[in-house]
Structure formats: C-alpha cells, structure tokens
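Reading through the structure tokens given below for one structure.
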Amino acid sequence: MPASDALSAVLVFTRTTDYRHDSIPAGVAALRELGDAHGFAVEASEDPAVFTDAALAGRSAVIFLSTSGEVLDPAGREALRRYLASGGGFMGVHSASCTEEDWPWFGGLLGARFARHPEPQPAVVTVEDRTHPATAHLPHQWRWSDEWYDFRTNPRPDVHVLASVDESGYRGGGMGADHPLVWCHPYGGGRAFYTALGHAAEAYADPDFRRHLLGGLTWAAGADAR
C-alpha cells in the first residue's frame, strides 16, 4: 500500500519533562516534509491536552518523537489507550522509550524500556527484515552513527524485530549478542512501531533514515499490517 493510501493526518508529539534532544526540531521538519511529499497532514504539539478522543479521531497515527519523562495526564493516557483500541497506529522514535516510566501499558506499547547508552559512534546495523516498509530499502549490513540504546529487557519474544546492532563493532554495548533496535507489533487493538535510531539532527536529513521513518509510519497506519 502506498504511503498516500495509508496516511491522511498524523500527530507528532514532542513534549519532554526529562532530557530534551536538540534534534527534535529537525525531526519535526523532516516529518512535515515527508507529509508534504506524500500527501498527509502533520500536526506537531507539546500540549498534552491534544490527547482527547475528539482530537485523536481520524489520525492515521500518533508519533512520540524523542519524548521523555511523564508527558500525559490520566485523561490523556486513557484517550491514547482508546485510540489504539479503535485500531490506531503508534510510532515511537528514539527516547520515546524513556517516556511514561510509571505506566505499564505504555511500556508494553513501546516493547522495551531504555536502560543506558554509550557515547554516539558508528556501528553496523543488521537489517533482519528486508520486506518491511521501514527497512526494505536498506542493505543487510547498514553502517550508521547513532546513540546506541541498551534496553532493560530484550523485546524479541514479544515483537517482530526488524533490525539489530552488532555490539562487536562499537564501544559500550550492554545487551550482548542479540541487541534489537527496531521492531513492530500489534498492541492493544492497534499497531506499534519503534525505532531506537534518531539521536542526531543530521539523521533527519539523511534520505535512508527518512525512508525508514516513512516506512514505519506507513506500517503503523495500517499498510502491510502483520
């Protein structure tokens, strides 16, 4: 399914109450440009009041772009849960996995929680699924620079892993031989996609990374659902 058929309008949520990534404006700009190019509307907000049934209705997907800390009130949490239950799509990018730490449902939506990371550096990403729209355009071994997140648990038993990182190719990895980075899964009646990539502002200007985001977003919105 082309992106234009799966996507009509998306919400990009960027609120932070903990660490704030300098790359957030670049990420919003990249998503707006993808929307312009592929015919879907992009609304960016840091206001938790946007999480109501009425405001989420008709959204193709909700994106948590490098959010951190506690960003929703109880009413917003329930609105997001109902949105997923109605078949909605969710995409988490980078520090989305550092968000809503005391909400178990959101942890399940993400698939895994952030634990730590070494300094940003190059490494080799192993693309495990070259048919998924988020990774089909990438080589099996993709050299990339990022902030390589370790997670508290390995999500593989509960999600479909799309890409992982080879810890032997960089310093400071803490998950061992199996280190997932990108995955997707059905959750709560909807679909959830997460990528740990996207630390640096320069990433959002990279054509391959933009296609990665567009593919994940398209899948979350319902294309090629699995």
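The values are calculated or read from the model by the stated rules, or taken from the named source; none is laboratory data. Everything numeric here is computed off the predicted structure, so don't read it as measured data. As a convention, Cβ positions derive from the backbone with ideal geometry for all residues, glycine included, and neighbour counts pool all protein chains shown. For accessibility, only protein heavy atoms count, side chains too; no ligands or nucleic acids. Shrake-Rupley method; radii C 1.70, N 1.55, O 1.52, S 1.80 Å.
So, in the stretch 196-213, how many residues would count as being farther than 19 Å from Leu7 by Cα and crowded, with 18+ Cβ neighbours inside 10 Å?
Kept after step one, since they are farther than 19 Å from Leu7 by Cα, are these residues of the stretch 196-213: 196-208.
Within this subset, residues satisfying the condition of being crowded, with 18+ Cβ neighbours inside 10 Å are 196-200, 203-204.
Final tally of qualifying residues: 7.
Taking the condition open to solvent by 70 Å² or more (accessible area, probe 1.4 Å), charged (D, E, K, R) and more than 17 Å from the chain's Cα centre (by Cα), does Arg82 pass? Give the steps one after another, and end with the answer.
Working: open to solvent by 70 Å² or more (accessible area, probe 1.4 Å): yes; charged (D, E, K, R): yes; more than 17 Å from the chain's Cα centre (by Cα): yes.
Considered against the rule, which asks whether it is open to solvent by 70 Å² or more (accessible area, probe 1.4 Å), charged (D, E, K, R) and more than 17 Å from the chain's Cα centre (by Cα), Arg82 comes out as yes.
In the stretch 18-77, what count of residues is obtained for those that are among the small types (Gly, Ala, Ser), surrounded by fewer than 16 Cβ atoms within 10 Å (Cβ to Cβ) and over 15 Å from Ser8 (Cβ atoms)? Let's see the steps before the verdict.
Quick first cut of the stretch 18-77, residues among the small types (Gly, Ala, Ser) only: 23, 26-27, 29-30, 35, 37, 39, 41, 44-45, 49, 54-55, 57-58, 60-61, 66, 68-69, 75-76.
This time we only want the ones that are surrounded by fewer than 16 Cβ atoms within 10 Å (Cβ to Cβ), so: 29, 37, 39, 41, 45, 49, 54, 57-58, 69, 75.
Then keep just the ones that are over 15 Å from Ser8 (Cβ atoms); that gives 29, 45, 49, 54, 69, 75.
Count: 6.
Just for the stretch 153-185: of the residues that are open to solvent by 70 Å² or more (accessible area, probe 1.4 Å) and free of Cβ contacts under 8 Å to residues at least 40 places away in the same chain, which one is nearest to the chain's Cα centre (by Cα)?
Only one residue fits best here, namely Arg156.
Please go through the stretch 99-128 and pick out each residue that is assigned to a loop (DSSP other than H, G, I, E, B), surrounded by 15 or more Cβ atoms within 10 Å (Cβ to Cβ) and in contact with a His (Cβ under 7 Å, 6 or more places away or on another chain).
Gly111
Got a number for residues in the stretch 69-109 being of a type in the set (S, T, N, Q) and in contact with a Leu (Cβ under 6 Å, 6 or more places away or on another chain)? Break it down into steps so the answer makes sense when it comes.
Of the residues in the stretch 69-109, the ones of a type in the set (S, T, N, Q) are 86, 95, 97, 99.
Then drop every residue that is not in contact with a Leu (Cβ under 6 Å, 6 or more places away or on another chain), which leaves 97.
Total satisfying the criteria: 1.
Got a sec? Which of Ser66, Ser86 is at positive phi and among the hydroxyl-bearing types (Ser, Thr, Tyr)? Before the answer, list the steps.
Working: Ser86 fails: at positive phi.
Ser66 is the lone residue from the list that is at positive phi and among the hydroxyl-bearing types (Ser, Thr, Tyr).
Consider Leu162 against the criteria (1) out of contact with any Lys or Arg (no Cβ under 8 Å at 6 or more places or on another chain); (2) more than 18 Å from Asp208 (Cα to Cα): it satisfies all of them except one. Which criterion is unmet?
Of everything listed in (1) out of contact with any Lys or Arg (no Cβ under 8 Å at 6 or more places or on another chain); (2) more than 18 Å from Asp208 (Cα to Cα), Leu162 misses just condition (2).
Go through the stretch 129-144 residue by residue and tally those that are open to solvent by 60 Å² or more (accessible area, probe 1.4 Å) and either farther than 22 Å from Ala192 by Cα or part of a strand (DSSP E or B) (or both).
The initial filter retains those residues of the stretch 129-144 that are open to solvent by 60 Å² or more (accessible area, probe 1.4 Å), namely 130-131, 140-141, 143.
Now drop any that are not either farther than 22 Å from Ala192 by Cα or part of a strand (DSSP E or B) (or both), which leaves 140-141, 143.
Summing the residues that are open to solvent by 60 Å² or more (accessible area, probe 1.4 Å) and either farther than 22 Å from Ala192 by Cα or part of a strand (DSSP E or B) (or both) in the stretch 129-144 gives 3.
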